[in-house]
1. Working out 0.36 nm times the residue gap between Q97 and L61, then minus their Cα-Cα distance, what length gain in nm do you get to one decimal?
2. With angles folded into 0 to 90 degrees, how steeply does helix 183-196 sit against the dominant principal axis of the chain? Use alpha carbons for both and round to 10.
3. Given H placed 1.01 Å from N in the peptide plane, which residues other than close sequence neighbours of G9 have an amide H under 5 Å from its amide H?
4. With springs only between Cα atoms under 10 Å, which of A119, A95, A109 fluctuates most in a Gaussian network model of the chain?
5. May I ask which residue of H26, V210, T185 lies farthest towards the positive end of the charge dipole of the chain, with charges of +1 (Lys, Arg) and -1 (Asp, Glu) on Cβ and the Cα centre as origin?
6. Could you grab the Rg to Rh ratio for the range 149-211? Cα atoms only, Kirkwood for Rh.
7. Let's see if you can work this out: charge +1 on each Lys and Arg Cβ, -1 on each Asp and Glu Cβ, no other charges. What is the dipole magnitude of the chain about its Cα centre, in debye to the nearest 20?
8. Would you check the chain for Lys pairs whose C-alpha atoms are within less than 30 Å, ignoring same-chain pairs closer than 8 in sequence, and give me the count?
Amino acid sequence: MAKLRILIGDDHTLMRQGLRKILEEHADWDVIAEAGDGRQAVKDALALQPEIAILDIGMPLLNGIDATRQIVRRVPGIGVLILSMHGDEAYITQALQAGAKGYLLKDSADTDLLRAVEAVAAGKSFFSPAVASVMRDDFVRHLADKGIVDRFESLSEREREIFQLVAEGHSNKEIAELLSVSPATVETHRAHILHKLDMHSTAELVRYAVRRGVIS
């Protein structure tokens, strides 16, 4: 079986070396490139077509958010995992909007990194526990401050099922096969979910799912 091919983008040599050591302890994973800046990360991703890219936000020449945006647009099927020292929701939101599948803090445990790569490689989303906690706390505080009713309660049982599967990163086709319905039916439910929650993108839905604790 072919190894999972991983690209690391971080401007600190010791960080890249440490990540490589952790990742390559997994027999089926192979770090195929290390980039010290965002532009090089994009070039390596285009040239080598890895399945996973692990990127720092604060890289020189091109930051990790913009590098993510370019890589996701130009490398079909790649999963980008952001590894950052910034845990506030503004950065997390930007990463999701750029197309990242996961967000991990640099002080996370090694096991979180391994779980994150496994999740993103499977097409799912992953957020380190501290990140998920920040998003949930901010969400609860926002509802309390604004006196807003949580619209999640308006979703039907089937819509909640599809909500979670979409948030986990499954495609309409995968969801249709799992639930024994047509992709068109899934798309209709998906549209109803976004409308009921007053959302306009999958990135918003994923962020909301983390805030509610539906996914982590």
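Just so it is clear, none of the values below were taken in a lab; they were calculated from the coordinates. Quick caveat: nothing in here was measured; it's all calculated off a predicted structure. Here the Cβ is made from the backbone with ideal geometry for all residues, glycine too, and neighbour counts use every protein chain on show.
1. 10.9 nm is the gain from fully extending Q97 to L61.
2. 80
3. For G9, whose amide H was placed from the backbone, the distant partners under 5 Å are A35, I54, L55, D56.
4. A109
5. T185
6. Details: Rg = 10.8 Å, Rh = 11.6 Å.
Ratio value, two decimals: 0.93.
7. 400
8. Step by step, the pairs that qualify in the chain add up to 22.
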